[in-house]
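Colleague: Here you go, one structure.
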Amino acid sequence: MRKSVNLRSFLTASWLGWQIESNWTDPFLFATYSIIKPVAGAAILVLMYSIVTQGNFASPVFAYLYLGNAFYQYVPAVLTGVSWTIIDDREHYRTLKYIYTAPVNIPFYLFGRAVAKFIVGTFSVVITIAAGVLFLNVPLDWSRVDWPLFLIALFLGILMLALGGLILAGITLMTARHSYYIGDVVAGGLFLFTGAIFPLEVLPAWLRPVGYLLPITYWLELIRRSLVGAVAEAFPTFTSLSNADLLIILLISSLVFGVASIFIFRYCDHQARERGLIDQTTNY
Amino acid sequence: MSLFPPIEHKRSGWQLFLMTVIGRSYPRVVGMQRERSWMFFDVFLPLLSVAAYVFVYRAIGAPEDYVGFVVVGGAMTAFWMNVLWSMSSQLYWEKEQGNLALYIISPAPMMAILLGMAVGGLFATLLRAIAIIAVGSLIFEVTYAVSSFWQLIAVFSLSMIALYGLGMMTASIFLLLSREAWHLANLAMEPVYLVSGMYFPVKNMGFWAAAAASVIPLTLGLDAMRQLVFASGPSLGFLSVETEIIVLILLSVVFVTAARFLLAYIERLAVREGRLTENRR
């Protein structure tokens, strides 16, 4: 196992990513930083909801959007974790060319670098959910949580997001450094289609198919069902589908997504090498 | 024999300032023409993000003016992003790349370099803001009831002056920072969206919270703009438009003046402590 290039690439990159992500400050400031951002993001939605509904937090709509938003934090975290590594290593640390010449499996290295953001993201999700349960009456009963379903869905979802990040990493190899995190922007765009903060029925009929094509939609539905089944049942989007159906859809769509991501990354990687973009710096 | 012709006309004073602004904004505008992927990532995708907040309001049955609030707020986020990533933290990036030392040893004033960054970045930012306003208004059928066009122009202009003044001020602080600059800029996104009322009327946060948030020019700028362009705006406004204009004038003067002094002071400090070229990685 220790000789496996893939595993070694992954573990070393995980350690490196964690150092980069966390050692810029002391642990207290790092923890504060990790709390403020997600709590502020959730507070925007809570305030929007509370202003319009006069604070009716008992409605299933609130639990739906709150939990969807909480778990959606994994999307930008993992997408950015994988894809930003290209910019970070290529233009900030200028080490990407050395990594390419080292005995490293690049996709596994990129996945490893995302582990730190995944850990911080998990911290954010836990904090957000805890705040919801403690202060906003989010109806989460730990004894009624379907843990096997939750863990399987979470694992599949993170894997699917990491593969999505690989697609973005490939695209990033071929583009300049812009003034934003590509993963964050893509996650912001997908926020609309995945039913994270409102049921898909709210979207115009012509936009809904986009949501049905995205594995993230099924992943979030499974997460909601495993945590608060009653809330998920209050919305008609997937009532005709059982948990097993949703898991199969998530699995198949993740597989398709995974295969596509490998091919897209390989193509972009080849193009970047052909055009001499592996060590480019873009600073405008 | 010299490779370069002798400089016959050396610019100084305001001419040097102006040429520096043009010189620093030029690569931004040209860079965007050469690398058009930003159109998709910087204009189209943020538009979808704004749409998501619109549908949240639709899902919970909010009054239609709230949809307009989100569209206008979403457009204004572009300017905050620009100040944060293309001005404040840009100096940290320039330091890492080695450009900062070149800026300092050149005769060009740093204020002009920062202004050039702002002007160049504004090109993309304006496009993004206009796209969000135009497409958002069209798709979501936002109806505007502009009560005073001149006040609207004044509020927008003052908000931009104060905001970019704040950007220049924070950029000078970022001169001293290292890797934490990136994280601090990242931290100033969602919390600022929250306290400046990007997606809801800031009045709802309560008087003192809204008053404290007014230090960020977007808070009052956005509040005043909403009061001026929406029928229900005045009833949901935090302070009267006239008061907000006066506060924005004060913020503009304070931030631009403070930026000038702070930049000069921190540049001296950074030179003395040898932090302009440090690269702690």
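Readers should treat all values here as calculations from the given coordinates under stated rules, not as data from a laboratory. None of the values given here were measured: they were computed from a predicted structure. Backbone-built Cβ (ideal geometry, glycine too); neighbour counts: all protein chains shown.
Colleague: Relative contact order for chain A using alpha-carbon pairs under 8 Å, separation at least 6, rounded to a whole percent?
Modeller: Computed over chain A, the figure is 27 percent.
Colleague: If I model the range A:189-284 as equal point scatterers sitting on the Cα atoms and use the Debye formula, what is log10 I(q)/I(0) at q = 0.10, 0.18, 0.22, 0.24 Å⁻¹?
Modeller: One equal scatterer on each Cα of the range A:189-284 leads to -0.41, -0.84, -1.09, -1.23.
Colleague: Once both labels are modelled 7 Å past Cα along the beta-carbon direction, what's the B:PHE261-B:GLU141 spacing in nm?
Modeller: Calculated label separation equals 5.4 nm.
Colleague: Work out the mean other chain Cβ neighbour count within 10 Å for the residues of B:184-191 and drop it here as an integer. If you can, show how the numbers build up before the last one.
Modeller: Details: counts 3, 1, 5, 6, 2, 4, 9, 7.
For this peptide, the per-residue mean of nearby foreign Cβ atoms is 5.
Colleague: Using only the alpha carbons of the protein assembly as shown, what is the convex hull's orientation-averaged projected area in square nanometres?
Modeller: 28.8 nm²
Colleague: Now for a separate question. Run the dipole for the protein assembly as shown about the Cα centre, Lys and Arg Cβ at +1, Asp and Glu Cβ at -1, nothing else charged, and hand back the magnitude in debye, nearest 20.
Modeller: With Lys and Arg at +1 and Asp and Glu at -1, about 1380 debye.
Colleague: Another question about this same structure. Separation between the B:ARG272 and A:ALA31 pseudo-spin-labels, each 7 Å from Cα along Cα→Cβ, expressed in nm?
Modeller: 3.6 nm
Colleague: Separation between the A:ASN56 and A:THR95 pseudo-spin-labels, each 7 Å from Cα along Cα→Cβ, expressed in nm?
Modeller: According to this spin-label approximation, the distance is 5.4 nm.
Colleague: Expressed as an acute angle from 0 to 90° and rounded to the nearest 10, what is the orientation of the C-alpha long axis of helix A:27-53 relative to the principal long axis of chain A?
Modeller: It works out to around 40 degrees.
Colleague: How high is the relative contact order of the range B:37-272? Use alpha-carbon pairs under 8 Å, at least six apart in sequence, and give a whole percent.
Modeller: Details: 284 pairs, mean separation 66.4, N = 236.
Taking the mean separation of contacting Cα pairs over the length of the range B:37-272, I get 28 percent.
Colleague: Taking N as the number of residues in the range B:37-272, what is its alpha-carbon radius of gyration divided by 2.2 N^0.38 Å?
Modeller: 1.04
Colleague: Please name which of B:LEU127, B:THR143, B:GLY74 has its Cα lying farthest along the dipole of chain B towards the positive end, using unit charges on Cβ (Lys, Arg +1; Asp, Glu -1) and the Cα centre as origin.
Modeller: B:LEU127
Colleague: Related question: Which order do peptides B:61-67, B:260-266, B:215-221 fall in by mean Cβ count within 10 Å, highest first? Mind showing how you got there, number by number?
Modeller: On the way: B:61-67: 18.0, B:260-266: 16.0, B:215-221: 25.3.
Ranked by mean Cβ neighbours within 10 Å, highest first: B:215-221, B:61-67, B:260-266.
Colleague: To the nearest 20 Debye, how big is the dipole of the range A:5-274 about its Cα centre, given +1 on the beta carbon of each Lys and Arg and -1 on that of each Asp and Glu?
Modeller: Details: 14 positive and 14 negative charges, 92 e Å.
Approximately 440 debye in magnitude.
Colleague: Can you pull the Kirkwood radius for the range A:9-133, inverse mean 1/r over Cα pairs, to one decimal in Å? Intermediate values should be presented prior to the final figure.
Modeller: Details: mean 1/r = 0.0621 Å⁻¹.
Roughly 16.1 Å, rounded to one decimal.
Colleague: For A:ALA102 and A:LEU134 in the same chain, what is the full-extension length gain: residue separation times 0.36 nm, less their Cα-Cα distance, in nm?
Modeller: 6.6 nm
Colleague: Using the Cα atoms of chain A, I'd like the radius of gyration and the largest Cα-Cα distance, Dmax, both in angstrom.
Modeller: In order Rg, Dmax, the Cα atoms of chain A give 19.6, 60 Å.
Colleague: May I ask you to compute the full-extension gain from A:VAL256 to A:GLU233, defined as 0.36 nm times their residue separation minus their alpha-carbon distance, rounded to one decimal in nm?
Modeller: Stretched fully, the A:VAL256-A:GLU233 segment lengthens by 5.5 nm.
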